[in-house]
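Beneath this line is the structure, given in structure tokens, with notes to follow.
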Amino acid sequence: MTTAIERIVVVIPARDEAGTLAQCLASVQRAAHRVSIPTSLVLVLDTCTDDSAEIATSFADTVVIEEDFANVGRSRARGFSHALATFAGSLDTTWFATTDADSVVPSDWLAEHVRAAHEGAQVFVGAVVPALRELDEERRLAWELTHPPGATVGHVHGANLGMLGSAYAAAGGFSFLATGEDVDLVARLRHRGVPIAESEAHPVTTSGRLSGRARDGYAKYLAELTPSRAAQV
């Protein structure tokens, strides 16, 4: 069954990401301009000690929430709960998308999410790739060896995830996990038999740093990615 999306809400958690935040917000705004659907942006600044709040003020129509959780699952959930409580409209026609503040979404990012919804998906699991220019030669080679076409399909990342508001609410939302809140939620949605679309088209580009904010997150994966390990895959 196809779904006509009437509203989009994008939620972004951030913790001391002043160096990348402006790029992230600008990319989301560009993606929003590519769809003819009202789009709202909720930015959750979690335990920030940098200039993130000041940077956010230059982006119109961005709701900024400041919290002190030091927990990405809880801050992502906070953005979604704010949207559920304050934005009018049916959850059956509202699409929630989320990315990370150290990431840049492509211009067709939201269009790809909406396309999936129109084709019957209630959840979209998209691909994420690192900024290869930020990796050293060894890790860049390892990435290329382990990621032929199709390799990113099925991997769940909060930097490129979306779902109907009704599906999110029915599954109970994000758990307050320090890492893996995205994988946990999608697992519960799968268990409920919710239609899920997975695609590596229009991937989100995320930071190539090797030391991240979340324990056992994407930065740790990149740090451990070497040609010798790639040969074992």
For this session: Name the residue, out of A127, A117, A131, A167, that is in contact (Cβ under 8 Å) with a residue 60 or more places away in the chain, touching a helix residue (DSSP H, G or I) at 6+ places or on another chain (Cβ under 8 Å) and among the hydrophobic types (A, V, I, L, M, F, W, C).
Result: A127
Exercise. Looking only at strands (runs of 3 or more DSSP E) that fall completely inside segment 1-97, which ones have 1 or more residues that are of a type in the set (K, R)?
Worked result: 7-14
Problem set entry | Test: residue in segment 194-213 that is at pLDDT 70 or above and more than 18 Å from V128 (Cβ to Cβ) | yes
Problem set entry | Matching residues, segment 56-84, being among the polar types (S, T, N, Q) and farther than 17 Å from A167 by Cα | T57, S58, T62, N71, S75
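The values are calculated or read from the model by the stated rules, or taken from the named source; none is laboratory data. Since this is a predicted model, take the numbers as computed values, not measurements. Counting neighbours? That spans all protein chains shown, and the Cβs are built from the backbone with ideal geometry, glycine included.
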